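Student: Shown below is the structure under consideration.
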Amino acid sequence: MAMAEGETAPVLGSVAVVGAGASGLAAAYRLRAAGVSVTVYEAENSIGGKLKSVSENGFIWEKGPNTMTENDPSISRMFDDLHLRDKQQFPVEQKKRYIVRNASPTMLPSNPLGFITTGLFSAQAKLKLLTEPFSWKRTKAESNEDESVGAFMERHFGDEIVDYAVDPFVAGTSGSDPSSISIRHSFPELWSLEKNYGSLFVGAIKSGFSKKKKQKLRPVEFEDEDSDFPARTRPRRGGSFSFVGGMQTLANELVSRIGKEKFKLNTFVTGLACNQQGNPSRQSWTVTGLETSGKRSKRSDKTFDAVIMTAPVDDVRAMKVVKDGKPYALDYLPTVIYEPMSVLITMFNKDSVKRALPGFGVLVPSKEQQANGFQTLGTLFSSFMFPDRAPEDQLLFTTFIGGSRNTLLASRSKEELLDITLKDLSRLIGVEGQPTAIRHVYWEKAFPRYSIGYDNVLHSIQKLESDLPGLFYAGNHRGGLAVGKTIVSGLDAAEQVLQYLQGSGGKKVFTMASLEQPVS
Ligand SMILES: Cc1cc2nc3c(=O)[nH]c(=O)nc-3n(C[C@H](O)[C@H](O)[C@H](O)COP(=O)(O)OP(=O)(O)OC[C@H]3O[C@@H](n4cnc5c(N)ncnc54)[C@H](O)[C@@H]3O)c2cc1C
Ligand SMILES: C=Cc1c2[nH]c(c1C)Cc1[nH]c(c(CCC(=O)O)c1C)Cc1[nH]c(c(C)c1CCC(=O)O)Cc1[nH]c(c(C)c1C=C)C2
C-alpha cells in the first residue's frame, strides 16, 4: 500500500522484549523489520547477555561464547540483511580438535582413515562403533521414557566411546556430563534416529543425517565475479565462526538496526500485568521495570500489546504477575539446574609455550581428571583460531573450569583457578612461567541443564504462554544452548507475536492491512 508523502508506516503494534541477549535481540530485530514498535528491557548496563567480547591491549577475548554456527536459513537471512558476511571470521583450523588420552592431547579423527589409525580409541572401541548396527542394545528403545545421554550412547557404542568422545563433547558444549542430561532434550535428532531406525548408523545413512545439516543452509546470494562458483549458488561455509571484533559484533549490529533508543538498560523487569478479561486486546499488557542508576531506583510502568520474555526461567519465577486484577502464581515453574562455569583467560609470550598445538582446542575427559589429576574441562586455542585476537608475539587461551563435573571449582578464586590452569596447560602444551595477563569470568548460571525430566520445564513454559495470551517465551531454556539456536528461538517468538497481533488462532485481535513487511 503506497504511503502519501510524509505519511509514516502504520505501527503494527507495540511489544516489550525482556532481555537483550541473543534471543531478545533477534526477536526485537524481527519485530522492527515488520514495523512493530519495540521496547527492549535489559537488567544489565550493556546489551548482548552472554555475548560479551572484550578488546584491550591488542587482545580480543570472550566472556561468553567464542563461536557460533549458522544452522538455520533464518540466521542466514538475518546475516545477509545485516551485511554481516564481511564481518564473519572463520577459525584458521576448524577440524583439529584434541581430546586428552593417557595424559596427552590426542587429535580427534575427522575422517574414516583417521578413525582407523587414531590412538584415541582402542581397537575394541573402534570395532564396537563399526558394528553398532548389529550390537546396539534395545532395552530402552521401545519405551518413551527419557534416558541420559550416557546410558543412551553406551547402549549404542559402549563405555569407551562414552568416556573419550561423548563425555568431552558434552562438557565442551554444555558444561554438563553424559549421566546428568537427557538424550531427548539435548540431542533430539539422535533420539529420533533411534526411534525411527533403531541403529544410529543406519539411521544416519538412511535419513541423510549429515547431508541434511548441510542442506539447511541456502546458497549464498550475491554477485561475486571472482568466485569459483557461479554467483547465487556458492554454498555457505560450514562450521563454527566468530566475527571481526568478537561475538559482541553480532549484538552490536542488531542494536544498531533495532535502534539504541528502543533499549531500557539497567532496567530489571519486576512484574507483568495482563488485563484481558478473557479477550486479548490491544495494550492489555503492563510491564513494570525498576531502573537503577547509582544508588537510586525508579519504577516505571508501560503498556504493550504483547511481551517476549527471554529472562532465565528462575528470573521469571521471581517476577510478580497479575492477571485480570488477580495475582497469578508462578510457583508451577520448576527449579532449573544451572551449570556454573569459570572462564580463565591467559595470555603468554609465544616462547613461554613450548608445545603449542595447531587447532581449535583441547578437551579433558572425566576419566583423565580421575586418572591423571587434570582439573580443567578444556581450553580453546583462541589466538590460533583467530590470529587477530592477540599481538604477534603473544598467545591467547580460554580455559573452562567447573560445570557439573567440578561444580565447586567454578567458584574458586582467580588465583586458585590460575594455579589449576597453569598446571594443566604446562602438561598439555608445555606452558612455562607466568602469563603476561590473566582475566577471570565466573558465570554462576552459565547453562541451564537439560536434565532428565526437563519436560517439566518445557510444559510449564507452555502453560505460561497458554494462560497468559500475548506472552511468548524465547531463549536458551528451550531449543538448545547454542547462540544460533537462541537466535532462532527469538526469531520464532517474533513470528508468533506477528501472528498474534494479526489475530490468527481464532481470536481476531487486530486487523492490519499488511502485516508483514518483508525483511529486506
Ligand atoms: C561461558 C559460556 C560460553 C559459551 N560458549 C558458546 C559457544 O562457544 N557457542 C555457542 O553457540 N554458545 C555458547 N554459549 C551459550 C550461549 O552463549 C547462550 O546460550 C546464549 O547466548 C543465551 O542467549 P539468551 O538470549 O537465551 O540468554 P542471555 O544471553 O542470558 O540473555 C538474557 C538477558 O536477559 C536479561 N535479564 C534477565 N532477567 C531480566 C529481567 N528480570 N529484566 C530485564 N532483563 C533481564 C539478562 O541480563 C540477559 O542480558 C556459551 C555460554 C557461556 C556462559
Ligand atoms: C570446555 C568447555 C567448553 C568449551 N566451550 C563451551 C564449554 C562449556 C561452551 C560451548 N561451546 C560451544 C557451544 C555450543 C554448543 C552447540 O550446541 O553448538 C557451547 C555452549 C561450541 C562448541 N564447542 C565444542 C563443539 C563441538 C561445539 C559445537 C560447534 C562446533 O562444532 O564448533 C567443543 C569444545 N568446546 C570447548 C573446547 C576446547 C572444545 C573442543 C576442543 C570449550
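Student: Mind checking which pairs have a first residue in the stretch 478-502 that is at pLDDT below 95 and a second that is within 16 Å of ligand 1 (Cβ to nearest atom) and open to solvent by less than 40 Å² (accessible area, probe 1.4 Å), Cβ under 6 Å, 6 or more apart or different chains?
Tutor: R478/L458; G479/S489
Student: Out of (1) among the hydroxyl-bearing types (S, T, Y); (2) surrounded by 15 or more Cβ atoms within 10 Å (Cβ to Cβ); (3) more than 23 Å from I116 (Cα to Cα), the odd one out for S135 is which?
Tutor: Exception for S135: condition (3).
Student: If we keep just the residues of the stretch 441-477 that are in contact (Cβ under 8 Å) with a residue 40 or more places away in the chain and polar (S, T, N, Q), which is farthest from ligand 1 (Cβ to nearest atom)?
Tutor: Filtering the stretch 441-477 for residues that are in contact (Cβ under 8 Å) with a residue 40 or more places away in the chain and polar (S, T, N, Q), the one farthest from ligand 1 (Cβ to nearest atom) comes out as N456.
Student: Name every residue in the stretch 50-67 that is more than 20 Å from the chain's Cα centre (by Cα) and in a loop (DSSP other than H, G, I, E, B), in order of residue number.
Tutor: N57, G58
Student: Read through the list (1) modelled with pLDDT under 95; (2) closer than 26 Å to L363 by Cβ, then give the number of the only condition that K140 fails.
Tutor: (2)
Student: Report, by residue number, each residue of the stretch 80-118 that is modelled with pLDDT under 95, within 22 Å of G430 (Cα to Cα) and open to solvent by less than 60 Å² (accessible area, probe 1.4 Å).
Tutor: E93
Student: Would you check which residues across the stretch 16-64 are open to solvent by less than 20 Å² (accessible area, probe 1.4 Å) and hydroxyl-bearing (S, T, Y) and list them?
Tutor: Hits for the stretch 16-64 are S23, Y29, T39, Y41.
Student: Would you please name the residue that is nearest to A34 (Cα to Cα), looking only at residues in the stretch 481-496 that are open to solvent by less than 30 Å² (accessible area, probe 1.4 Å) and more than 8 Å from ligand 1 (Cβ to nearest atom)?
Tutor: Checked the stretch 481-496; the qualifying residue nearest to A34 (Cα to Cα) is A494.
Student: Looking at the stretch 313-360, which of its residues are more than 12 Å from ligand 1 (Cβ to nearest atom), under 30 Å from K463 (Cβ atoms), open to solvent by 60 Å² or more (accessible area, probe 1.4 Å) and not in a loop (DSSP other than H, G, I, E, B)?
Tutor: The answer is K323, K326, P327.
Student: Now for a separate question. Given the structure, is K128 within 29 Å of L380 (Cα to Cα) and open to solvent by 30 Å² or more (accessible area, probe 1.4 Å)?
Tutor: no
Student: Taking the stretch 15-31 on its own, how many of its residues are touching a strand residue (DSSP E or B) at 6+ places or on another chain (Cβ under 6 Å), outside any strand (DSSP E or B) and more than 8 Å from ligand 1 (Cβ to nearest atom)?
Tutor: Result for the stretch 15-31: 3.
Student: Where in the stretch 114-201 are there helices (runs of 4 or more DSSP H), lying wholly inside it, with at least 2 residues that are in contact with a helix residue (DSSP H, G or I) (Cβ under 9 Å, 6 or more places away or on another chain) and over 30 Å from S342 (Cβ atoms)?
Tutor: Here the list reads 123-130, 132-135, 149-157, 188-197.
Student: What do you reckon, is G172 under 20 Å from D159 (Cβ atoms) and touching a Leu at 6+ places or on another chain (Cβ under 8 Å)?
Tutor: Answer is yes for this residue.
Student: Please list, ordered by first then second residue, the pairs with beta carbon atoms under 7 Å, 6 or more apart or interchain, first in the stretch 330-350 and farther than 28 Å from E416 by Cα, second of a type in the set (G, A, S) and not in a strand (DSSP E or B).
Tutor: Y332/S460; L333/S460; P334/S460
Residues checked against (1) assigned to a helix (DSSP H, G or I); (2) open to solvent by less than 30 Å² (accessible area, probe 1.4 Å):
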{"position": "G246", "(1), (2)": "no, yes"}
{"position": "S256", "(1), (2)": "yes, no"}
{"position": "V269", "(1), (2)": "no, yes"}
{"position": "T292", "(1), (2)": "no, no"}
{"position": "K298", "(1), (2)": "no, no"}
{"position": "K302", "(1), (2)": "no, no"}
{"position": "I308", "(1), (2)": "no, yes"}
{"position": "A311", "(1), (2)": "no, yes"}
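Student: Go through (1) at pLDDT 95 or above; (2) not in a helix (DSSP H, G or I) one by one and return the number of the condition N71 breaks.
Tutor: It is condition (1) that N71 fails.
Student: Do we have G246 as modelled with pLDDT under 95 and on the phi > 0 side of the Ramachandran plot here?
Tutor: no
Student: Keeping to the stretch 94-124, report how many residues are more than 16 Å from ligand 1 (Cβ to nearest atom), out of contact with any Ser or Thr (no Cβ under 6 Å at 6 or more places or on another chain) and among the charged types (D, E, K, R).
Tutor: Here the count works out to 2.
The values are calculated or read from the model by the stated rules, or taken from the named source; none is laboratory data. Please read all numbers here as calculations on a predicted model, not as lab measurements. Note that each Cβ is placed from the backbone with ideal geometry, even for glycine, and that neighbours are counted across all protein chains shown. Heavy atoms of the whole protein, side chains included, go into the accessibility calculation; ligands, DNA and RNA do not. Shrake-Rupley method; radii C 1.70, N 1.55, O 1.52, S 1.80 Å.
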